[in-house]
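*Asks:* Before I ask anything, let me first share the structure, which is written out below as structure tokens.
The values are calculated or read from the model by the stated rules, or taken from the named source; none is laboratory data. Quick caveat: nothing in here was measured; it's all calculated off a predicted structure. Note that each Cβ is placed from the backbone with ideal geometry, even for glycine, and that neighbours are counted across all protein chains shown. Surface areas here come from the heavy atoms of the whole protein model, side chains and all, with no ligands, DNA or RNA. Shrake-Rupley method; radii C 1.70, N 1.55, O 1.52, S 1.80 Å.
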Amino acid sequence: QVRLVESGGGLVQPGGSLRLSCAASETLTGIMSMAWYRQAPGKQRELVASIGPNGRANYKDFVKGRFTISRDSAKSTVALQMNTLMPEDAAGYYCYINGQRRRWEAEYDYWGQGTKGTVSS
């Protein structure tokens, strides 16, 4: 029943920027990690960036220095600032949140429906 809703996608020229946001439909407790994935036509979905419970961020090499992931666990939101965009970055972007509300319960995993980022001149 929990939904993750992404926003901020759109069309930009090469070198431009987009800021993607993702919000859960309800407050999530026990969040362990948040991440952004992307999937381009004809390609497999790939991890772009993730951020752990202590705010430590990890980035794939192809976005290092250009993208920044941030989170607000209290609001169950995660954002991705994308700068210096290239045509290769064009893809559907999906947010992901996993966690565990109670230690005796199974972990939860939630995916957003995706938001499209288009990079074209």
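*Asks:* When Rg is the radius of gyration of the Cα atoms in the chain and Rh is its Kirkwood radius, what does Rg/Rh come to?
*Replies:* 0.98
*Asks:* Place a +1 charge on the Cβ of each Lys and Arg in the chain and a -1 charge on the Cβ of each Asp and Glu, then give the dipole magnitude about the Cα centre in debye, rounded to the nearest 20.
*Replies:* With only Lys, Arg, Asp and Glu charged at Cβ, the dipole is about 140 debye.
*Asks:* Considering the options A23, A74, G117, tell which one lies farthest towards the positive end of the dipole of the chain, charges being +1 on Lys and Arg and -1 on Asp and Glu at the Cβ, about the Cα centre.
*Replies:* A74
*Asks:* For the charge dipole of the chain, defined by +1 on Lys and Arg C-beta atoms and -1 on Asp and Glu C-beta atoms about the Cα centroid, which residue among P87, A35, A57 has the Cα displaced farthest towards the positive pole?
*Replies:* It is A57, whose Cα lies furthest towards the positive end.
*Asks:* Dividing the convex hull volume of the alpha carbon atoms of the stretch 23-84 by its residue count, what do you get in Å³ per residue?
*Replies:* Convex hull of Cα atoms, per residue: 99 Å³.
*Asks:* Still on this model: Within the stretch 19-101, what whole-number % of the accessible surface is contributed by carbon and sulfur, with the 1.4 Å probe and all protein chains included in the calculation?
*Replies:* Here it works out to 47 percent.
*Asks:* Tell me which GluC sites (Glu not before Pro) from the stretch 46-121 have a DSSP coil assignment and no more than 11 other beta carbons within 10 Å of their own.
*Replies:* Taking the stretch 46-121 and a limit of 11 other Cβ atoms within 10 Å, the loop GluC sites (Glu not before Pro) found are E105, E107.
*Asks:* Students often check this: by mean Cβ neighbours within 10 Å, which of 7-19, 52-64, 26-38 ranks highest, and how do the rest follow?
*Replies:* The densest-packed peptide leads the list: 26-38, 7-19, 52-64.
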